[in-house]
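The values are calculated or read from the model by the stated rules, or taken from the named source; none is laboratory data. Source: prediction; values computed, not measured. All Cβ positions, glycine included, derive from the backbone under ideal geometry; neighbour counts span all protein chains shown.
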Amino acid sequence: MSLRAQPDPSNYYELVVYLTRAIRDRPNDVQGWSILGGAYLAFGEVDQAVAAYQRAMNIAQSMGADVPADMVANYATARALQDGGVSRELEEIFRHVLTIDPTNAQARYHIGFALAERGENEAALEMWEPLMAEAPTAAYWRANLPFQIAALRGEVQGGEGTAGAAAPSGQGPDIRAMVDRLAARLTQEPDDIDGWAMLIRAYAVLGETENARTALDNARAYFADDAAALGTLAQQARASSLE
């Protein structure tokens, strides 16, 4: 079996460019680095994804904050794609993720992958079989999971075309989850104008125009008496083709 990532010719490149520029002004923005890592991964830029996720985790730790389980899992997933497999070190990272979030699909898949590589087929099946009904459909490994399970059961020959992992689709759950977390944070901490601009742009790049407009309206309502913030929002609205 092997893990591999291939570039996806999607407009995630636009999000990468935008976030790369925005992060220069907010170098300690954990959420920004995490979303950038997801955008890099969706575009197939695995090395940059690893670096961005590592930066996000380092900043969070330096601030004394807990690193979310899914951020750790995303980092380890990028590392696995970078290495072309799941090392013992990465397996331990994924197992640590499960101590925080036992339902994490990324961790469960990659632990199963490591077990299968070692020939521990029964243990791998115990990890993988429940994922069939639970895995995000856009996870890069989801399409091949039925074939990998069948190979371990001895139902098919486990060649590259069946046991190998599929390439990321560019519509993976990482970006979606991170954008959702950013939106949730802004609900609790609405005084972050740069966060609103990032959220509006992310929705626009994802093609979610109505969500982008709603975020724009909410931000304008909150910053109704702040001329500078309203100017930033107007600029972002134009850049996102909302006006």
I need the full set of residues from the range 80-116 which are at pLDDT below 90, surrounded by fewer than 21 Cβ atoms within 10 Å (Cβ to Cβ) and in contact with a helix residue (DSSP H, G or I) (Cβ under 9 Å, 6 or more places away or on another chain), in order please. 82, 83, 85
Give me the residue from the range 172-227 that is crowded, with 16+ Cβ neighbours inside 10 Å and outside any helix (DSSP H, G or I) and, out of that set, modelled with the lowest pLDDT. 172
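Within the range 71-87, count every residue that is assigned to a loop (DSSP other than H, G, I, E, B) and free of Cβ contacts under 8 Å to residues at least 40 places away in the same chain. Even if it seems obvious, please write down each step before you answer.
Initially, the range 71-87 is screened for residues assigned to a loop (DSSP other than H, G, I, E, B), giving 84-87.
If we keep only those that are free of Cβ contacts under 8 Å to residues at least 40 places away in the same chain as well, we get 87.
Residues that pass the stated criteria total 1.
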